[in-house]
Structures are given as structure tokens and as C-alpha cells.
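What follows is calculated from the coordinates using simple rules that are stated; it is not laboratory data. Source: prediction; values computed, not measured. Cβ placement follows ideal geometry from the backbone for every residue including glycine, while neighbour counts extend to all protein chains displayed.
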Amino acid sequence: MPELLLELFSEEIPARMQARAAEDLARLVGAALAPLAPQDVQTFHGPRRLALVAQVAPGTPETRSTERGPRAGAPEQALAGFLKKHGATRDSLREEGGYLVLDRVVPAVDAATIIARELPSLLRRFPWPRSMRWGGTSTFAWVRPLRRILCVLDGAVVPFDLREGEDDGHGLASGNETEGHRFMAPGAFAVAGFADYRAELAARHVILDAAEREALIRKDAARLAAAEGLSVVEDPGLIAEIAGLTEWPVGLMGRIDAAFMDLPPEVLRTSMRVNQRYLSLRNPDGSAAARFIVFANVVPADGGAAIVAGNERVLRARLSDARFFWDQDRRQPLEAYLPKLAEVTFHAKLGSQRDRVDRLMRLAGEIAPLAGADRALAERAALLCKADLVTGMVGEFPELQGVMGRYYALAQGEDGAVANAIRDHYAPRGAEDDVPAEKVAVALALADRIDTLTGFFAAGEKPTGSGDPFALRRAALGIIRIVRDNDLRLDLARFVDAEVLDFIFERLRVQLRAEGKRHDIVAAVLARGADGDLLRVLARAEAIEALLRTEDGANLRTAYARAANILRIEEKKDGRAYDAPPDPRHYREVQEQALAAALDTAEPAIDTHLASEDFVAAMTDLAALRAPLDAFFDHVTVNAPEPELRENRLFLLSRVRRAMDRIADFSKLEG
């Protein structure tokens, strides 16, 4: 199959947009060139280029088809509609069997023609988050000025002009040329195919593959750190960003002035990461090292001395600002910042951040004893937990909210549990983060998320299928993880309404599905009635799942489905519910008596074990119904001709259904 190579060469593309743009390019090209059945599609992205290589069909074959139109002699309006639909003329029609017929021939089209036809419109609608126009009055927009389009098919240029027909004199035609490194290998060169393209770029100091650049950055950083007896602080996001800023990354090590090393390590790392894109280093004991690694995009002639000196100078200025905030913020206690929170709107319908603090104090105080935390400490942590939002340091580095609050709380002599809760109540921020473990932090973290969910639901700001601007799904998952990881017995129904509780348990089902577990059993448990104790719901679900894995459980579930179906059909047919107790006087068969006796034993035992939350024992009680229920269906005709027998047997099946529904609604189980 012919090889298609496409490169879009531009001014510097923001690093955060590159990977998504490469995905969009693959998706759009795949759709636009679908007639050519692209295969082995690979994309590449970097500071100045998006590239794609794929194998495509040589073209599309000639096709013939026959379209039957209106009847001969049909009204002119019907004929005109048919001709317009197919882009045909009256002369191209023939009559056959009383109908007008159009013979259509779609000629074969070679791949180059299709590519040249489809790519201009594809590039015009490319979904950059932000784009710009340049070059006079052109209507074409790209993320940054687009300088070249390389488009070759098996070594031959696929010719098209992106802005053909525009009168600004700034047409951009496809060709077979690209450029190497901006500084170390400037100028254009021609390529014939992908292997040639990749090799020539490497020879001109451009590493095409972002993953290869990332690997080089990790390796170079580890080498430099090891030479000083240090280790690199893991930061995959920053490494990916550096790979998006450099075509030929070269690591260099710089020093941090000793005068700044008493700043919190998080301040050092955040300042270097956010402002300068430096990698941070650690000493063997885990403390922050007075070193950093910066990546240049050139091989410096002086070994990097000038680049390092310049970056050290800039870092001193940045850390001097951080030093000012650090010293200034600690001149007053955290309580002194509370009035400023009243000036910060949390949400138009939910008041200020100060209003939120009042709600958190009340909630954290109620949750604290349930989490085994000291109520006074939980309320104190809630009072101070948002104060650092209006400090200078967090204003400069929002990423440090909570972190700085902890440092400031410790500086003013707060209890360590209070200080840690101020930091940890934001956790978990993501799926990979640890959850809070200290009891005061657990109480405050739950209060924070419960307030978020109840507040935004009450304000009508619920998540939709297309968006969740207030991260309410993440808040619900945070509650689930905190409760599960800490084995916390907590009735959420005490703090949220039914709608919010349903939302939380829906996220639980999503989480269980992601873990490969039986999420449908949770739905079956909840269908029997609201239960806000997440651990109790999970324990009941696990016991049911264990039962269903046994032969007794599988057969019992089948029997339940049979009983439920019979009742559903007969109740619908008769227009009544068969929910009265059965009359023992109407038991004719020994199997009826045996099933009733088994229920007499199982029902109180199930209730006792459910009350003590011994769900495994309750499942054993339930499994005891399997044999008598099987025997009942094997030997007893439910729809007996005698009305009183039929009614009584339906009452007995209803009793079976109620007994099983004590544990879960088995009709909700999938499969």
C-alpha cells in the first residue's frame, strides 16, 4: 500500500495542546480518507510540528449502480426532485418496467486526488482550542502561523493550496520540504518518505517522537542527579511539558542559593515548576536538594555555563518573591484572614467562602465523633481550612492551597492534627492520590465534599452528560474512597438527601465496574430501600456475590426469577396483588408444606442475621430455601384448576419473593 506522509510545520505550538492535536489529526484524517482505508496510522507532535504517517489504498475503484426513480409519466415535480437528489439530467434517464431509471457510474479515483480534495477542508476545521489568523486578510486560522505543509504519497508531492482562491497573496501550497532545528540546523530540506523524514530530522537535531524525547529527558536528568548523589523528584506531567518545549533536550544542572533553602520544599518545587519548568532534586534523606535541572533546546557551546547562570539569576528573583510572601503571610495568624474570605464568592447561590467555612464547621463537628475524631479539633480545622486562600503565597501559587495553610497553622502553634487536616482535606485530588488517614482530616475531608454536593445540587448545578464544571463526580468518588479506605461506618443519609445519596451510589457502581466487580449487586441491594452506610451496602453485596458463585446461589436465583415471573404475569392478568399470607389448610402437596416449613425457619433467621449485619449467615439461611423451592417447582402446579389452590400457591410464591427481597431485589441482577 502507498505510504502517506503529512507534516504541518508552524511556529511554536503550546505544549499542552500538542498531544490532543495529534489525536485529532489521526481522527480527522481517518474519517476524511476513509475510502482509502488508512492503516498503521502513527502521529507525532513537537514544538513546531504535527506529523502523520499511514498506509493507504492506491485509490477507489470504479462503481456502477442503478437508481430507480418515479414512474414514467409521474408529475414533473417528482421527476425534478429525483434529478436534483442525484445531480442528474433528464437525458441520463431511461425507462424500464414502467419506471424511469438512472444508471450511475462513479469513476475510479486515485489516492492523490482524494487526499488533495479532502485535506484543505480538514485543516480549515481543525479543532484547536485557540487559533489565530495572519498574513493579510486570510480566513485560514491555525494555532500559530503555519509555515509549511509537507504532503507526499510514495515520494510524490500531493499538490494542493490551503488558501487557494483567496486574494491576499498568501497562499500556502503543499510540498516535500520541512525544516530541522531552528537554531542548530536552520533551513529547508526535501524528504521522500517517512524513514527518510525521520532520519533527516534526527541528523538536524530534531527528535520526532515525543515519547523518545521524554525518555531522553528522564535518562539525562537521572544521570545528572546521580553524579551529585541526588535523585529526581518524579513529575511525569512536567517531563511531558518539557518534551513539548524542546526538539533536542539537553539537561543542565544549576544551584539554588542557600539563603532560600529554609523555604518549604513545596514552595521551592512549585516556583521552579510553574515559573521555570525546572526539575527538582532530593538529597538521600529525602530533603530538598539545593540543585535543579533545566533543559535547554540546544547543545551549548560553553557547556551550558551561560544558560545555567541566566536561569540561576531568574530563579533568585522568583524565590525572592516567594520569600516575601512567606514572611509576609506569617505576620498574622490564620484567623486574621477570615474576614477576607467574606469578600470571596464561593458561588452566587451558595454565598462566600466565609459562609462555607461556617457550614464546614457544623458538618465537621457532626462527622467527627462518627469518624473517631475530636470534635473541637475538627471544628478548629474547619474554621481555618480555607484561610490560606487569601494569603499572598496561595494567591501566587494556587497549587499550594492547604499546603501553606498547614505551614502557617504549625507556625502559630496549632495542634498537629488541625494543621494536617488543613492540608489533607483536599485529598484525594485524583484517582492516584492517597486519601486522608488521620481522623480529624477524614472528618474535614468528608465535610468538604458533602457540603460541595449538597450545596450545588440544591443550587441546581447538577452534572450533565456533557459537563461537570464543579467536579461533583470527583467529590462523590472522594467520599467513597475516604469511607472505603478508612473502613468508616457512617450513615451518609444523615447528611445528604435521597437525590445526592443516589448520585453517590451511582458513582460507587461506576467505581466497582472499573474495578471489575459486580456493580449490579449494589443496585439490587439499594433497591430494597435506602441505606446510607456504604460499608454495610458493600458487605451485603459481597455476601450476595459469594452466594451467587455457589451452585445453591445460582439455582436459587433462577428459582427466584421463575417465581417473580409467575407472580408478575398472574398479578397483571388478575389485576390484583398476591401478597397475603398463604393458608396452611390449602396445602395439598408435601412440597408445599416443606417449602412453607423452610420459610418458617429461614425468615426469622434471616431477620436476626441481617439485624446483626452477619450477611454471610443470612446468605446461608437463604441458600437453605434452594432445595424445597426446586422441589416445589418440580412437583407442584402453581396455576391449579381449583381457584383456592391457585391463589394459595401464588401467596406462597409471594412469601418466597418477600423473603429474598429482605436481602436484595434479585430482579435487578444482570445476566
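Structure summary
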| quantity | calculated |
| --- | --- |
| 222 nm mean residue ellipticity, helices alone, for the chain (DSSP H n ≥ 4; -39,500 (n - 2.57); rounded to 500) | -15500 deg cm²/dmol |
| Stokes-Einstein D for the range 1-125, Kirkwood Rh over Cα pairs, 37 °C, 0.692 mPa s (µm²/s) | 186 |
| Within-13-Å neighbourhood charge of Phe633 [Cβ basis; K, R +1; D, E -1] | -1 |
| Mean-position separation - Cα centroids, the range 23-82 and the range 533-572, in angstrom | 51 |
| The range 294-330 and the range 94-132: distance between their alpha carbon centers, rounded to Å | 55 |
| Projected-area mean, the range 568-633, by convex hull of Cα positions, square nanometres | 5.6 |
| Point-to-point label distance, Asp209-Glu76, nm (Cα→Cβ direction, 7 Å offset) | 6.7 |
| Radius, Kirkwood style, for the range 334-405 when every pair of distinct Cα atoms is counted (Å) | 12.7 |
| Per residue, the convex hull volume that the Cα atoms of the range 78-164 enclose (Å³) | 184 |
| Length-normalised contact order for the range 1-122 - Cα pairs under 8 Å, 6+ apart - percent | 28 |
| Amide H contacts under 5 Å for Phe160, placed H, 5+ residues apart | Ser174 |
| Cα point-scatterer Debye curve for the range 546-668, base-10 log of I(q)/I(0) at q = 0.11, 0.14 Å⁻¹ | -0.35, -0.57 |
| Relative contact order of the chain, pairs being alpha-carbon contacts under 8 Å that are 6 or more residues apart, as % | 7 |
| DSSP bridge pairs, the chain: antiparallel proportion in percent, nearest 5 | 95 |
| Ratio Rg/Rh [Cα only; Rh per Kirkwood] for the range 335-486 | 0.95 |
| Bins of 10 Å from zero: percent of alpha-carbon pairs in the range 260-319 | 21, 53, 24, 3 |
| Note, ³J(HN,Hα) from phi for the range 465-482, Karplus 6.51, -1.76, 1.60, rounded to Hz, x at Gly and Pro | x, 9, x, 8, x, 9, 6, 6, 5, 5, 5, 5, 5, x, 4, 4, 5, 4 |
| Alpha-carbon Rg with Dmax, taken over the range 484-533, Å | 11.0, 30 |
| FRET efficiency, Ala305 to Ala141 (Cβ-Cβ, R0 41 Å, nearest 0.05) | 0.45 |
| Values of log10 I(q)/I(0), in the order q = 0.05 Å⁻¹, for the chain under a Debye, Cα-only, solvent-free model | -0.45 |
| 27 Å Cα-Cα threshold exceeded, pairs from Lys219/Lys517; Lys517/Lys668; Lys517/Lys573; Lys439/Lys668; Lys386/Lys439; Lys573/Lys668 | Lys219/Lys517; Lys517/Lys573; Lys439/Lys668 |
| Relative packing of 582-588, 436-442, which averages over residues the other C-beta atoms within 10 Å, highest first | 436-442, 582-588 |
| Cα-based equivalent ellipsoid, the range 76-221: semi-axes from gyration tensor eigenvalues, Å | 46, 20, 15 |
| Cut-off under 5 Å, modelled amide H: who pairs with Arg291 long-range | Ile256, Leu281 |
| Long-range Cα-Cα pairs in the range 64-106 (distance over 15 Å), rounded percent | 32 |
| Fully extended contour minus Cα-Cα distance, from Glu589 to Ala498, at 0.36 nm per residue | 28.2 nm |
| Mean Cα-pair separation over length for the range 335-486, i.e. relative contact order, pairs under 8 Å, 6 or more apart, % | 21 |
| The range 351-361 - phi-based ³J(HN,Hα) in whole Hz, Karplus 6.51/-1.76/1.60, Gly and Pro as x | x, 8, 5, 5, 4, 5, 4, 4, 5, 5, 4 |
| Other-chain or far-sequence residues with amide H under 5 Å of Gly59's (modelled H) | Ala111 |
